[in-house]
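Scroll down for the structure; my scribbles are underneath it.
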Amino acid sequence: MEFTIYTVENAPAASKEALIHAKETFGLVPNLEGILAEAPATLKAGMALWDLFEATSFTPVEQQVIYLTANYEHDCRYCMAAHSGLAKMIGMASEDIEALRAGQPLANQKLQALRLFTQRMIEARGWVNDREIEEFLAAGYTKQQVLEVILGIAVKIIHNYTNHIAKTPLDKAFQPHVWSKPAVAV
């Protein structure tokens with residue numbers, strides 16, 4: 001089944017506002033957002049979840065640990081490439097980025113605890129046990145952040161499975177047809 005990849009210009013009216021928001025958020029509109037334009041409520045929900053996760057108590061580096069862990073677990077190479085670039089841009093250590101891309105332990109022990117907890121949440125579909133929660137809290141995280149990990153995973157699940165369902169060539173990162181138009185120079 002083929003899915004239309006909409007741009008901001010040709011999207012259904014009910015999706016335009018969310019696509020504009022996606023473009024403002026990412027600088028570009030990934031084709032998964034264009035595909036979601038076919039289902040305006042899903043597009044709006046995905047962008048709302050993204051906004052909620054961006055407002056959590058996790059640092060930008062911690063957010064990328066969650067995203068990269070989810071991308072590794074779902075084998076979403078396109079998202080892995082995109083989030084690796086973002087992680088590098090915000091100053092994540094190169095060795096930690098490479099470890100996340102390979103599903104290996106991180107040098108930073110607090111980030112490693114976050115990676116393991118995120119991985120376990122994905123594997124257990126949210127049903128982690130008390131010992132796992134206590135280990136996460138002992139690493140310096142909070143009970144609020146236990147719930148915020150779930151939110152970060154939800155964002156990536158919507159995005160990763162949209163990519164999978166669409167069967168579009170997203171593994172070849174940043175091909176011209178992946179984006180609606182080039183980024184605007186600032």
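The values are calculated or read from the model by the stated rules, or taken from the named source; none is laboratory data. Keep in mind that this is a model prediction, so the values were computed, not measured. Note that each Cβ is placed from the backbone with ideal geometry, even for glycine, and that neighbours are counted across all protein chains shown. Remember, those area values only see protein heavy atoms, side chains included, never the ligands or the DNA or RNA. Shrake-Rupley method; radii C 1.70, N 1.55, O 1.52, S 1.80 Å.
For the condition of a type in the set (Ser, Thr, Tyr) and touching a residue at least 40 places away in the same chain (Cβ under 8 Å), Thr56 qualifies. Residues in region 59-74 that are of a type in the set (Phe, Trp, Tyr) and touching a residue at least 60 places away in the same chain (Cβ under 8 Å): Tyr67 alone. When region 44-62 is limited to residues that are among the small types (Gly, Ala, Ser) and outside any loop (DSSP other than H, G, I, E, B), the one that is surrounded by the most Cβ atoms within 10 Å (Cβ to Cβ) turns out to be Gly46.
All conditions in (1) open to solvent by 30 Å² or more (accessible area, probe 1.4 Å); (2) not in a loop (DSSP other than H, G, I, E, B) hold for Val65, with the sole exception of (1). Considered as a group, the residues in region 1-27 that are crowded, with 18+ Cβ neighbours inside 10 Å and assigned to a loop (DSSP other than H, G, I, E, B) include one that is modelled with the highest pLDDT, and that residue is Ala11.
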